[in-house]
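K.L.:
Can you keep this structure in mind? I'll have questions shortly.
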């Protein structure tokens, strides 16, 4: 299976020593048929948050085992359309508003047909909204 890893799962597993996040990531990594993808935003978000130098080095080298994907112009266009759709429906996530970075990550998974692995429950709301978005033939 092909997965897109979200920043919060990385930070939960590496920096916060969250056992659930570590076990989820470990289970994916132990299956050689799985691939993990990330984009530049995930890379930057994760590394900027880690202040411990040893952990920073470990995390940075861990990214070498994953595959970098670009956020291309189509993803930006789709994100803009989806974000406007969510706002028009009054969707509230991330402390009352949809965060642009979360929208970009979400639409990146849709563009590349990847399964999102995250600790953020707001993505469940985005998935529900996305199904409505698709039904209305917005892409």
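The values are calculated or read from the model by the stated rules, or taken from the named source; none is laboratory data. Please read these numbers as outputs of a predicted model, since none were measured by experiment. Backbone-built Cβ (ideal geometry, glycine too); neighbour counts: all protein chains shown.
K.L.:
Is it the case that residue 12 is touching a helix residue (DSSP H, G or I) at 6+ places or on another chain (Cβ under 9 Å), assigned to a loop (DSSP other than H, G, I, E, B) and either crowded, with 18+ Cβ neighbours inside 10 Å or touching a residue at least 12 places away in the same chain (Cβ under 8 Å) (or both)?
P.N.:
Working: touching a helix residue (DSSP H, G or I) at 6+ places or on another chain (Cβ under 9 Å): yes; assigned to a loop (DSSP other than H, G, I, E, B): no; either crowded, with 18+ Cβ neighbours inside 10 Å or touching a residue at least 12 places away in the same chain (Cβ under 8 Å) (or both): yes.
Criteria not met by residue 12.
K.L.:
Please go through (1) at pLDDT below 90; (2) over 16 Å from residue 40 (Cα atoms); (3) surrounded by 12 or more Cβ atoms within 10 Å (Cβ to Cβ) for residue 101 and return the number of the only condition it doesn't satisfy.
P.N.:
Going through the list (1) at pLDDT below 90; (2) over 16 Å from residue 40 (Cα atoms); (3) surrounded by 12 or more Cβ atoms within 10 Å (Cβ to Cβ), residue 101 breaks only (2).
K.L.:
Here is a further query. Of these, 81, 92, 110, which one is assigned to a helix (DSSP H, G or I) and surrounded by fewer than 17 Cβ atoms within 10 Å (Cβ to Cβ)? Show your work before the answer.
P.N.:
Numbers: 92 fails: assigned to a helix (DSSP H, G or I); 110 fails: surrounded by fewer than 17 Cβ atoms within 10 Å (Cβ to Cβ).
Matching residue, one of 81, 92, 110: 81.
K.L.:
Please go through segment 26-43 and pick out each residue that is under 12 Å from residue 10 (Cα atoms) and surrounded by fewer than 16 Cβ atoms within 10 Å (Cβ to Cβ).
P.N.:
If the condition is that a residue be under 12 Å from residue 10 (Cα atoms) and surrounded by fewer than 16 Cβ atoms within 10 Å (Cβ to Cβ), then 26 is the only one that fits.
K.L.:
Which condition number does residue 19 fail, the rest of (1) under 16 Å from the mean Cα position of the chain (by Cα); (2) at pLDDT 95 or above being met?
P.N.:
Going through (1) under 16 Å from the mean Cα position of the chain (by Cα); (2) at pLDDT 95 or above one by one, residue 19 breaks only (1).
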